[in-house]
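Asker: Submitted below is the structure of interest, expressed as structure tokens.
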Amino acid sequence: MNLMIIENVSKKFGGIAALKNLDLAVEKGRILGVIGPNGAGKTTLINVITGYEKVDAGKINYDGKDISKLPPHVRARHGIVRTFQIPRCFAGLTVLENIMIPVLLRHSRGEAERRARSIAERMLLGDDLHKQAETLPVGGLKLLELARAYAASPRILLLDEPMGGLSQDRMEPIIRLIREMREDGLTIILVEHVMKAVVALADILAVLNFGERLAHGRPCDVMKLKAVRDAYLGEGHA
Amino acid sequence: MLLSSLVINGLFTGLIYGLIAVGLTVIFGVMRIINMSHGDIVMLGMYSAWILFEKFGVSPYVSMFLTAPLFFLLGSLIYEILDPIPLKRREMSSLIITLGISFVLATSAMLIFTADYRTVTLPYSQRVIDILGTRLGYPALISSAISLVLMCLFRLFLSRTHIGRAIRATAIDRTSAALLGVNVKRISQATFGAGVVLAGLAGGVLAPIYYVYPFVGSNFIIKAFAVVVLGGMESVTGAIAGGLILGVAEALGGAFLEHSLKDIIVFVLFLGVLFFRPTGLFGGRERNR
Amino acid sequence: MKRSSHRDLVALLLCLGVLSLLPAVIDTRRMPYLFDVLFSVNVAVLLASSWNILGGFAGQVSFGHAGFAGIGAYAVALLPHHLQWSPWLSLPFAGIAAMIAAILVGGIAFRLRGPYFALSTLALAEVARLVVEGWRSFTEGTQGVVIQQKPLYLFEADGALFYITSLWLAGIALLAVITIGQSKSRYFLHAVGESEEAASALGVDAWRCKMSALLPSAFLAGMAGGILALHTGFLDPESAFSISRSVEPIILTVVGGIGTALGPVVGAVILVPACEFLRSRFPTGHLLLYGVLLVVFMRFMHGGILGMVRRKRL
Amino acid sequence: MDYISPTSIDARLAEEVALSRNVIALIIPFIILFPVTASAQETFRIGAPLPMTGAGAAFGEKFKKAYTMAIDEINAKGGVNGRKLQLVIDDTQAQPPLAVTSVKKLVTSDNVVALIGGWASGVALAVAPLAQELRTPYLLDHPALDDITRQGNDCVFRLQPTTGMYSAALEDFLINVVYERQKKPIKAAYLYVDNAFGQGVAKYGIMPFFKEHSDRFVLGVCEAYSEKALDYKPLLLKVKNASPDVIIFTSYLTDGILLGKQAKEVGLTAKLVSGTGAGHSMQDIYEKSGGAVEGYFSSGPWHGDVTSPAWKKWRGDWEAKYGYPPGEHEIEGYVAIQVLARALESVKSRDVVRQREELRVGLKRTTMVTIFGPVKFENFDGYTNQNRAYNLTALGQWIGGKLYQVWPKRVAERDPKY
Amino acid sequence: MLELKQVTAGYGKIDVLRGVSLEARAGEITALVGPNGAGKSTLLRSISGTVVSAAGSITFKGIPLSGRPPHKIASMGIAHVQEGRMVFGSMSVEENLLMGAYLKDRRGKIKESMAFVTGLFPRLRERMRQQAGTLSGGEQQMLALGRALMMRPELILLDEPSLGLAPLLVDTIYSSLETLNREGLTILLVEQNVRRALTYSQRAYVLENGEVILQGRSADILVDSAVTSAYLGVPLEGEDRLIRQSL
């Protein structure tokens, strides 16, 4: 069953089309990987789904309802939660407080702190609970970004390059975490450049190019397509 | 006839508003500092024009360029006060510091020049020229023309010279600029100096058409802010456009509404523009914190 | 956590109680000037704390608090003017009127960020002033309104009454600050202040959150304007909406320590008497000295007084 | 960068509370010990709440000079009843809220026997009831808004005419000369500065006049303008478009200068252009507008017979002392001190509270003739302690750089150029 | 050409680098690899002067760099291309490139430098008038590199040039690096993609927790996959193998 269906969505900036008549669907409990060259419209896709950009045309169907008119925070409360490519942590707050923010919307402070703690432990941030967020290294910020999004009780999680800027050793645990989230029943849209991670995680892979869907299907099938390889990996690659 | 006169008149006044605002824009763009003493520097510009005219008979249109180095020095000096403050705190601290400087400048001017109103009356101040049926006094004409030329020159300076580009680059990203060999502190200081010089020049341009007294700065500061925001806080072109829009809006508002209420038009326009373009007419996308 | 908030509350009430006794110890009739200065300190605490809720907690720097204060002042002046009320009874309406204005302000200005927000609030305050100036039949325009300080039932409208009222208004402001500071909403305010996008991505309603800071802030600013107008006994648009009234709370808060809960109090308690002292001793040069004071203060204590003391202690 | 600072919001708040408690505890004693002086008075102190900074500072300075000159002269002759006069100035920035605090300080901390000045009508409106409450005589020498002496305050005295009286001479001239010559309805335009003074002249002077004489005068453009504008040409163009026969301005100095200059610029002319005192009666307006107001009339308070020897002598003294010719503010301030000094002669007590009451009675009884004209504070037509100054307005005209009194005939220095 | 001895540096009270010694030889590409947070970027920053080193010495052609501000170091012929393609977004491509020639003694050779850069990256020539912020990620990286080349540096510090780029573009960037190196440019390269970094470089240093734990000829390190996998925690061929499998 599809949790989210994106129908015929278009979005223009100035004269340039960032998304062109895009159709995409995500099945409940699955991970949809989205890849494509820079400027293909991947981040715009996330912005459109989460409400940071309004669509020019088309519908975004979530759980049977069109949500394309709702503001971002309402979509977040409905369970559509995103992360940012460049982590946007609340620099002046501690790691724990950062994670508490979404939990506080639903729970008392004591409860929120307890929950945030356990999320932090799970997200490998247990040692940094009382550090100010701005003092974390990039890897820590990426984890915090993920932990905070997870704390917002998402039903569908949109991850914008969660591996970007991480070294290989740091990717492993994040890949593991994302996989665990999926096993918990979360639906995930993963925008990522690191092929290893995408291939390891995605159930379905969509390739965007110039705002259009170039390919869609099981990762192994998609990667075989010549068009994909030309556009994304470069001719003669591998 | 009346309408065209009003518009032409508004455009000419707008150029002067533009010049008053440009210095504010530049300082904000590069340093993220809202210079609260801007109006008082304009006031100093007017006083220096006045005193050189009274004592030595030098026309403000000449003396403003003679005193420009002094204003550059003043700007560099103010920058020296602000420079050691960590960037994170600079936005608010500099607000208070420049406000303090504003008090200091205005009061000093009062102690030196007394609080009396002063004006500069040029020999040709009564002469009038007819432009498309609109009568304009020589001083108003010359002041507006000089404002326009100065703003265009400054814009060219920013886009065509190495220093100008360095100023813009520093505004966008200090670290990257430094890595290309730009002495960021020097450039910031020079920018602050340039902003202050522009304010001083605006004073020179205003002297023959307005009056000066120590607290006259407060008469301009809100208008200057309005212009800066209208055009987008980092854009020189924006400041010119903002000035022109403000000038025309004021002229029409003054004629079709009661004069004392003309500013309602100005501010409603201002809020309207921001409503549809939250970063002003020529402002870019907001930067991340 | 709960215990500490109770303790703060008790301490606050105790302070207010003790300070309320001051007029019993010192005769206000003999020293109205002293009580005037204390009154000014109280109003400054009120206004600066109100600013701090919006500017310090929610990170929305406003240049337009004079607008709220002015609207509050006019509510106090015009209700009795048109309805023959006791101005004291209309004091609460000062806050309410400012709050109504705030809904409008929030609708317009909260679309904007940073300096654009700040300067749009300045513009809105100017619009409010111009409307008051232009609407002569209702507001008396630039000529101003005289407010008869009719006695409030048993009390006489003397220095003691103004002192105690302003003291408790400042107390209410501090109570609001402490309540917000210890509630969940301060987390949301902080989050929205740092990054609206990130906060709303987590489900925080940024607009409502900012509004929840603006409304109490405007209410308190309105009260400050109201009590000040009542104290002056006369109100004209130029002083009611004067830019310096927007700037003053910013100065006090930043000098005291921006983003801290009690910075505004510290700033007001130090700067207001200092300013008054300079003004009475140096009628022509006081602004020069005040300016130098501000420059030196901020140059060497860029985190404000509280910020600096804290850094020293670490 | 303070990395190790405790960063949780709660910890920070608790810490702040503790910190500020300490800081405030340190400061409170200083406030309690706020300077309060209360010494026996060997001098008569006169408190002047004046704008010494801010936009009105130029006027504060004028009055300071005028008071100082008068007080120096009186003290040189031994003071009043053997006691010297002493001036205490407090800066109001022309802001009523500050003025209230100023006055309380002057009265209770400086123990002044009387208040004087205030410059702006708004300030005086706030100060007057306070002076009444503090039972301290307050002598107004410039704030002209009618309401100030219409509130039944027996401690508030006003030396000069009210706004409603400013235009009396002009009105007289309009009816008896302008209309008589033309004999058909006259088109008029009126522009007034949008502040308490301008509103006062409009409300109590000009507007009632035009209403009353609507058969003879048609008031076309009639507008309040903002004081600090850079550009008045749109307004003047509008007036020009209506081509009135008579233009009346109520202006301060700076706006008056700009209006004069810019009227020239847009080519606005009329058969008669007149100001109503204030800016248009000040020597500065002629010089600083580059003579643009040549031929303008100005109807305002009459400041005595400028041709009389006493006036001429005074003018000479003033110019010798300050280097410029005195105008309406200077003479008002100077005479106000003289009036106070005269009334102080009846003060015998050494207790300042009693002194104030004696002074109040003394002022009430004062009848004197100054270079300004006769002074007597009377209650009439709803006014309290108002110097009856109906016949103290005169119409002047700028001719060759000098403001000559031209109307009413009995005080005219020369004939009007009309 | 560049020599670091026992350099310690960091932010505030936290040291990110602890006694690092390193050498970049003239005409070589030296790679700097290691996990995130190891201090690679900090190392580059302390060379270019944007981070002040607390102890140790950094010398360039025998001249000590410590204590010099970034613009002085830049004028000595060291270009630093920061992580994340920090181009001046609201300036045109041309203006960005001209900024590269900001230093006085570089201004005379603007024409030649421009020709060289546009020869290397023809796509920049097509977009001279376009605002840099509207370029695609790959083009921005080219611009950042091109801008650095306009400085006519002797040594270029490159921080993660492939970050966030599609594989196709990474190839383009690397082949241009090879070209530049062949023409005699010395490069100090920080790269997360270990295999690529080691393939293209002559010598390499492995950094972990602010210390150098391994150094030597890149080929040796690459071949000694047992060593590398132990230190890097990832099978070197991992990424490509996974992709190949799925293909």
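Asker: Whether any residue in segment D:207-222 is crowded, with 19+ Cβ neighbours inside 10 Å, in contact with a Ser or Thr (Cβ under 6 Å, 6 or more places away or on another chain) and not acidic (D, E) is what I want to check.
Answerer: For segment D:207-222, residues crowded, with 19+ Cβ neighbours inside 10 Å, in contact with a Ser or Thr (Cβ under 6 Å, 6 or more places away or on another chain) and not acidic (D, E): absent.
Asker: Take residues that are at pLDDT 85 or above and either more than 11 Å from chain A (Cβ to nearest Cβ) or surrounded by fewer than 18 Cβ atoms within 10 Å (Cβ to Cβ) (or both) and tell me which of the helices (runs of 4 or more DSSP H) falling wholly in segment E:197-247 contain 1 or more.
Answerer: E:218-223
Asker: Go through (1) of a type in the set (A, V, I, L, M, F, W, C); (2) surrounded by fewer than 23 Cβ atoms within 10 Å (Cβ to Cβ); (3) touching a strand residue (DSSP E or B) at 6+ places or on another chain (Cβ under 6 Å) and name the single condition A:L159 misses.
Answerer: Checking A:L159 against (1) of a type in the set (A, V, I, L, M, F, W, C); (2) surrounded by fewer than 23 Cβ atoms within 10 Å (Cβ to Cβ); (3) touching a strand residue (DSSP E or B) at 6+ places or on another chain (Cβ under 6 Å), the one that fails is (2).
Asker: Moving to a separate point now. Give the residue, chosen from C:R186, C:R208, that is part of a helix (DSSP H, G or I), of a type in the set (K, R) and free of Cβ contacts under 8 Å to residues at least 24 places away in the same chain.
Answerer: Details: C:R186 fails: free of Cβ contacts under 8 Å to residues at least 24 places away in the same chain.
The unique qualifying residue is C:R208.
Asker: Report, by residue number, each residue of segment B:232-269 that is closer than 30 Å to B:T170 by Cβ, at pLDDT 85 or above and touching a Ser or Thr at 6+ places or on another chain (Cβ under 8 Å).
Answerer: B:V236, B:G238, B:A239
Asker: Let me ask something else. Scan (1) buried (at least 20 other Cβ atoms within 10 Å of the Cβ); (2) in contact with an Asp or Glu (Cβ under 9 Å, 6 or more places away or on another chain) for the single condition E:S46 breaks and write down its number.
Answerer: Going through the list (1) buried (at least 20 other Cβ atoms within 10 Å of the Cβ); (2) in contact with an Asp or Glu (Cβ under 9 Å, 6 or more places away or on another chain), E:S46 breaks only (2).
Asker: State the number of residues belonging to segment A:128-154 that are more than 21 Å from A:I175 (Cβ to Cβ) and charged (D, E, K, R).
Answerer: Adding up the residues that qualify gives 2.
Asker: Determine which member of the set E:L124, E:L143 is outside any loop (DSSP other than H, G, I, E, B), buried (at least 23 other Cβ atoms within 10 Å of the Cβ) and more than 14 Å from chain A (Cβ to nearest Cβ).
Answerer: Of E:L124, E:L143, the one residue that is outside any loop (DSSP other than H, G, I, E, B), buried (at least 23 other Cβ atoms within 10 Å of the Cβ) and more than 14 Å from chain A (Cβ to nearest Cβ) is E:L124.
Asker: Just give me the residues in segment A:80-96 being over 16 Å from A:P137 (Cβ atoms), in a loop (DSSP other than H, G, I, E, B) and more than 9 Å from chain C (Cβ to nearest Cβ), in sequence order.
Answerer: Of everything in segment A:80-96, just one residue is over 16 Å from A:P137 (Cβ atoms), in a loop (DSSP other than H, G, I, E, B) and more than 9 Å from chain C (Cβ to nearest Cβ), namely A:Q85.
Asker: Here is a follow-up. What are the residues in segment A:194-238 that are at pLDDT below 85, out of contact with any helix residue (DSSP H, G or I) (no Cβ under 8 Å at 6 or more places or on another chain) and within 11 Å of another protein chain (Cβ to nearest Cβ), if any?
Answerer: Residues satisfying the conditions are A:F210, A:D221, A:K224, A:L225, A:D230, A:G236.
Asker: Same structure again: Answer yes if at least one residue in segment B:207-229 is under 30 Å from E:M86 (Cα atoms) and either more than 14 Å from chain E (Cβ to nearest Cβ) or surrounded by 24 or more Cβ atoms within 10 Å (Cβ to Cβ) (or both), and no otherwise.
Answerer: yes
Asker: Look through segment D:232-285, keep the residues that are touching a Leu at 6+ places or on another chain (Cβ under 8 Å), farther than 15 Å from B:I209 by Cα and in a loop (DSSP other than H, G, I, E, B), and return whichever of them is farthest from the other protein chains (Cβ to nearest Cβ).
Answerer: Only one residue tops the list, namely D:D245.
Asker: OK, next. With at pLDDT 85 or above, part of a helix (DSSP H, G or I), within 15 Å of the chain's Cα centre (by Cα) and of a type in the set (V, I, T) as the only criterion, which of E:I156, E:I173 stands out?
Answerer: None of the others qualify; the one that does is E:I173.
Asker: Further question on the same structure: Is segment D:57-80 home to any residue that is modelled with pLDDT of 90 or more, crowded, with 21+ Cβ neighbours inside 10 Å and assigned to a strand (DSSP E or B)?
Answerer: no
Asker: Related question: May I ask you to list pairs of residues, at least six apart or on different chains, whose Cβ atoms are under 9 Å apart, with the first in segment D:266-284 being at positive phi and the second being among the basic types (K, R)?
Answerer: D:G267/B:R135; D:G267/D:K240
Asker: Give me the helices (runs of 4 or more DSSP H) completely within segment E:35-108, filtered to those with at least 1 residues that are within 16 Å of E:M1 (Cβ to Cβ) and within 10 Å of chain B (Cβ to nearest Cβ), ordered by residue number.
Answerer: Per the criteria, E:40-48, E:70-75.
Asker: I need the full set of residues from segment D:286-330 which are in contact with a His (Cβ under 6 Å, 6 or more places away or on another chain) and part of a strand (DSSP E or B), in order please.
Answerer: Listed by number, the list holds a single entry, D:S298.
Asker: Can you name every one of the helices (runs of 4 or more DSSP H) wholly within segment B:16-127 that holds 3 or more residues which are surrounded by fewer than 17 Cβ atoms within 10 Å (Cβ to Cβ) and within 12 Å of another protein chain (Cβ to nearest Cβ)?
Answerer: B:87-113
Asker: Also: Just to be sure I understand, how many residues within segment C:7-32 are assigned to a helix (DSSP H, G or I) and under 11 Å from C:Y163 (Cα atoms)? Spell out how you get there, then give the answer.
Answerer: Of all residues in segment C:7-32, those assigned to a helix (DSSP H, G or I) come to C:7-20, C:22-25, C:32.
When the remaining residues are screened for being under 11 Å from C:Y163 (Cα atoms), the result is C:19-20, C:22-23, C:32.
Result for segment C:7-32: 5.
Asker: Among the residues of segment C:176-198, write down those that are closer than 20 Å to A:E53 by Cα and more than 7 Å from chain A (Cβ to nearest Cβ).
Answerer: C:V192, C:E196
Asker: Only one residue in D:T149, D:T136, D:T108, D:T101 is in contact with a Cys (Cβ under 8 Å, 6 or more places away or on another chain), outside the structural domain of D:D194 (by TED's automatic domain parsing) and either surrounded by 24 or more Cβ atoms within 10 Å (Cβ to Cβ) or farther than 21 Å from D:F377 by Cα (or both), so which one is that?
Answerer: Values: D:T149 fails: in contact with a Cys (Cβ under 8 Å, 6 or more places away or on another chain); D:T108 fails: in contact with a Cys (Cβ under 8 Å, 6 or more places away or on another chain); D:T101 fails: in contact with a Cys (Cβ under 8 Å, 6 or more places away or on another chain).
Criteria check complete, one pass: D:T136.
Asker: Separate question: Taking only pairs six or more apart or across chains, which ones have beta-carbon atoms under 6 Å, a first residue in segment D:320-349 that is in contact (Cβ under 8 Å) with a residue 40 or more places away in the chain, and a second residue that is among the acidic types (D, E) and buried (at least 24 other Cβ atoms within 10 Å of the Cβ)?
Answerer: Cβ pairs passing all conditions: D:E332/D:D141; D:G333/D:D141; D:A336/D:D141.
Asker: While we're on this one: Can you name every residue in segment B:255-285 that is in a helix (DSSP H, G or I) and in contact (Cβ under 8 Å) with a residue 12 or more places away in the chain?
Answerer: Passing the criteria: B:A255, B:K262, B:D263, B:I265, B:V266, B:F267, B:L269, B:F270, B:V273, B:L274.
Asker: Would you check if there is a residue in segment E:159-167 being in contact (Cβ under 8 Å) with a residue 60 or more places away in the chain, within 21 Å of E:T30 (Cα to Cα) and touching a His at 6+ places or on another chain (Cβ under 9 Å)?
Answerer: Yes, that holds for at least one residue.
Asker: Another question, if that's okay. What tally of residues in segment D:97-126 results from selecting those that are of a type in the set (A, V, I, L, M) and within 14 Å of the chain's Cα centre (by Cα)?
Answerer: Total satisfying the criteria: 5.
Asker: Please determine whether any residue of segment A:53-71 is crowded, with 20+ Cβ neighbours inside 10 Å, facing another protein chain (nearest Cβ under 8 Å) and not in a loop (DSSP other than H, G, I, E, B).
Answerer: No, every residue in segment A:53-71 fails to be crowded, with 20+ Cβ neighbours inside 10 Å, facing another protein chain (nearest Cβ under 8 Å) and not in a loop (DSSP other than H, G, I, E, B).
Asker: Looking only at segment A:96-122, which residues are crowded, with 23+ Cβ neighbours inside 10 Å and farther than 19 Å from C:V192 by Cβ?
Answerer: A:A120
Asker: Could you grab me the full set of residues in segment D:264-287 that are of a type in the set (D, E) and surrounded by fewer than 24 Cβ atoms within 10 Å (Cβ to Cβ)?
Answerer: D:D284, D:E287, listed by residue number.
The values are calculated or read from the model by the stated rules, or taken from the named source; none is laboratory data. If you're wondering where the values come from, they're calculated on a predicted model, not measured in any experiment. Cβ sites come from the backbone with ideal geometry, for glycine too, and all protein chains shown count toward neighbours.
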